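Below: one structure, written as structure tokens.
The values are calculated or read from the model by the stated rules, or taken from the named source; none is laboratory data. None of the values given here were measured: they were computed from a predicted structure. Don't worry about glycine lacking a Cβ; one is built from the backbone with ideal geometry, like all the others, and counts go over all protein chains shown.
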Amino acid sequence: MQIKKKLKERVEVISVGEATAEIFRKDVDQSLSQPADFIGPFASGAPAIFADTLAKLGCPSGFVGPIGDDDFGRAILSKLNQDGVDTSQVRVFSDHTTGTAFTTYFSSGERKFLYHLRHAAPGQFSPQQVRGEYFSQAKFLHLTGNVLAMSELSWHACRKAVKIVTEGDGQVSFDPNLRPDLMSIGKIHTLCDPFIRVTNVLLPTAQEIQMLTGMEKIRDACRKVLEQGVKIVALKQGKEGSTVFTQTREIHAPAFEVEEVDPTGAGDCYDAGFIFGLLQGWRLEKTAKFANAVGALAVIKRGAMEGVVSLNSVIRFMEKQTRNHKK
């Protein structure tokens, strides 16, 4: 095991845990159980997608997590480094392979995944990889529920990171990113509730906010987590856009219309766009609109890190969409 050294500058936002190589079926409606063509690998994994997108927008971001000492790991590192992510805290394991995700799409819109994570490098994320001098500088720590669920060590690593960042006056953003069909609601609450209480910005889908609160009505569910101490809820609503809730306001931002090629990572890119807007000091209306644009661009190309190119590309996309809307 070794640490990959590449510290570019003081990082403002850190995401932790999972980087994977994602490999897709070339065509739709092809079961993973049958022989057929794949394309890839593409660098992926929710925390890595988030960090990569932020870096391309121009925000100094760092990713902290394990990869394997193999070609997939080298491909992920190359992508993150190329896009400006600080990888100085990435650990390379010689005795664990890089995590993989095999994905297939169906014409119904359904996706199916085959993961190798828990017993691969991502499953080795531990408190030892959370170094105080690195995390204490962060303005934001971004967490995802799938990393909390990876292992007990991973959960404790996230708790350690939260303690260091918040003691340094940093904030926590949290994307639940958990599916109730993979674990019980009780288990989800056990994993997530301690983190909800220290979260400043919660970035759920409608289904996720319902399962976190046990409430059917979305507005009531959002208000419940605000009462628990969350400052902002940015509710991701796919083709309907997003809605931002605070103690005093509710702001809806309509979606941008694009031709969807690959929805993988759209929510993580939205998260990055939203945190970027907050760091710029933008009003919530502008922040939500910008995050919608970043999420929309994420789906126009195959590969979770391929759709968003730069801050200027997002701005041009938004300007073009505005002109087309006025016609």
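Residues are listed down the side, and each one gets a yes or a no for (1) free of Cβ contacts under 8 Å to residues at least 40 places away in the same chain; (2) surrounded by fewer than 15 Cβ atoms within 10 Å (Cβ to Cβ):
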| residue | (1), (2) |
| --- | --- |
| Lys239 | yes, yes |
| Val244 | no, no |
| Ala255 | no, no |
| Tyr270 | no, no |
| Ile275 | no, no |
| Phe290 | yes, no |
| Gly295 | no, no |
| Met305 | no, no |
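Among the conditions (1) buried (at least 21 other Cβ atoms within 10 Å of the Cβ); (2) in contact (Cβ under 8 Å) with a residue 40 or more places away in the chain; (3) under 18 Å from Gly145 (Cβ atoms), Val233 misses just one, which is (2). Counting the residues of the stretch 30-48 that are of a type outside the set (A, V, I, L, M), surrounded by 12 or more Cβ atoms within 10 Å (Cβ to Cβ) and assigned to a loop (DSSP other than H, G, I, E, B) gives 2. In the set Lys187, Lys286, which member is surrounded by fewer than 18 Cβ atoms within 10 Å (Cβ to Cβ), at pLDDT 95 or above, out of contact with any strand residue (DSSP E or B) (no Cβ under 8 Å at 6 or more places or on another chain) and not in a strand (DSSP E or B)? Selected residue: Lys286, the only one of Lys187, Lys286 that is surrounded by fewer than 18 Cβ atoms within 10 Å (Cβ to Cβ), at pLDDT 95 or above, out of contact with any strand residue (DSSP E or B) (no Cβ under 8 Å at 6 or more places or on another chain) and not in a strand (DSSP E or B). Would you be able to tell me the number of residues in the stretch 1-16 that are modelled with pLDDT of 95 or more and in a loop (DSSP other than H, G, I, E, B)? Summing the residues that are modelled with pLDDT of 95 or more and in a loop (DSSP other than H, G, I, E, B) in the stretch 1-16 gives 1. Each residue in the stretch 147-164 was checked for being touching a residue at least 24 places away in the same chain (Cβ under 8 Å), more than 28 Å from Gln280 (Cβ to Cβ) and of a type outside the set (A, V, I, L, M), and 6 of them qualify.
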